[in-house]
1. Does Ser27 satisfy the criteria of being in contact (Cβ under 8 Å) with a residue 60 or more places away in the chain, of a type outside the set (A, V, I, L, M, F, W, C) and farther than 19 Å from Ala210 by Cα?
2. Do we find that Ala170 is out of contact with any Leu (no Cβ under 8 Å at 6 or more places or on another chain), of a type in the set (Gly, Ala, Ser) and within 21 Å of Gly150 (Cβ to Cβ) in this structure?
3. Are any residues in segment 28-66 among the charged types (D, E, K, R) and either at pLDDT 90 or above or under 21 Å from Ala186 (Cα atoms) (or both), and if so, which ones?
4. Sort through Ala220, Ala233, Ala238 and tell me the only one that's closer than 17 Å to Val106 by Cα, aliphatic (A, V, I, L, M) and at pLDDT below 85.
5. Under 8 Å between Cβ atoms, which residue pairs at least 6 apart in sequence (or on different chains) link something in segment 190-206 that is surrounded by fewer than 15 Cβ atoms within 10 Å (Cβ to Cβ) with a partner that is outside any loop (DSSP other than H, G, I, E, B) and among the β-branched types (Val, Ile, Thr)?
6. Six or more apart or on different chains, Cβ under 9 Å: which pairs go from a residue in segment 47-63 that's among the hydroxyl-bearing types (Ser, Thr, Tyr) to one that's not in a helix (DSSP H, G or I)? Could you list them?
7. Which residues, counting only those in segment 173-191, are among the polar types (S, T, N, Q) and at pLDDT below 90?
8. Would you check if there is a residue in segment 77-100 being closer than 28 Å to Pro193 by Cα, modelled with pLDDT under 90 and of a type in the set (Asp, Glu)?
Amino acid sequence: MPHWELAIFFFAIAFVYASVGFGGGSSYLALLSLYALPFQEMRLVALVCNVIVVTGSTIVFIRNGQVAWEKILPIVLVSVPLAYVGSSLRISQDTFFILLGCSLVVASILLWVKTQSPSQSKAGKYANPATNSLVGGAIGFLSGMVGIGGGIFLSPLLNIMQWDTPQKIAATASVFILVNSLAGIAGQLSHMPADMNYARIAVLATAVLAGGLLGSNLGAVRFSPLVIRRVTAILVFAAGINVLLKHLP
């Protein structure tokens, strides 16, 4: 049977994150790490939920002309195949949880740090295709192995690099999460275990679909992105430390 309390938590995460254009993949994994679920299922759930939540925001960004395709392409052309390779690797459960714990701790630090948004004149000063490809490829490979979209790493790094305006960085992160999550799902399909609980996956996917739609369309409710980042950083850090304490030798 599905964990129905998980569906409620997933609905709430999707609702809050969609209201500010985020995906919530790290929070899904942080929550799932508290349950004794197969790690292959954890990765698939997080990626599927990522795709559901960020698809809407990606469409909105594209319609508003905020997606800088000429700058995004060097990132995703390298990140997508590496995300597929990373998700296709057969790793042990202990290796996965150590990678997950370390990733959550690093992500929490990046989430907590408040970067200064570049001005229009300085935006893009430090961006170049080679750097974009290197950053995208590294994050894509790690994202595929762990089961996240990678936006939680990409967005803070692009702000530090003064890559572009905050709106275009948010649009880039949304596209990045979407394509890498799809690549990660494709990679995992090659070695799905026979005992995968697809009923639970369907329940959680339905929960984030409802939460994401409500969060993105309920104009009366708006959450502070900084507050969400700080609260998420604390929760993700605690989950990361908990995972490491359980699985480090």
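1. No.
2. Considered against the rule, which asks whether it is out of contact with any Leu (no Cβ under 8 Å at 6 or more places or on another chain), of a type in the set (Gly, Ala, Ser) and within 21 Å of Gly150 (Cβ to Cβ), Ala170 comes out as yes.
3. Glu41, Arg43 - these are the residues of segment 28-66 that are among the charged types (D, E, K, R) and either at pLDDT 90 or above or under 21 Å from Ala186 (Cα atoms) (or both).
4. Ala233
5. Correct list of pairs: empty, since none qualify.
6. Once the first residue is among the hydroxyl-bearing types (Ser, Thr, Tyr) and sits in segment 47-63, its partners that are not in a helix (DSSP H, G or I) give Ser57/Gly21; Ser57/Phe22; Ser57/Gly23; Thr58/Val67.
7. Of segment 173-191, the ones among the polar types (S, T, N, Q) are 174, 180-181, 188, 190.
Of everything in segment 173-191, those that are among the polar types (S, T, N, Q) and at pLDDT below 90 turn out to be Ser174, Gln188, Ser190.
8. Yes, because at least one residue in segment 77-100 is closer than 28 Å to Pro193 by Cα, modelled with pLDDT under 90 and of a type in the set (Asp, Glu).
The values are calculated or read from the model by the stated rules, or taken from the named source; none is laboratory data. Small disclaimer: the values here were computed from a predicted structure and weren't measured. Note: ideal-geometry Cβ built from the backbone for every residue, glycine included; neighbour counts use all protein chains shown.
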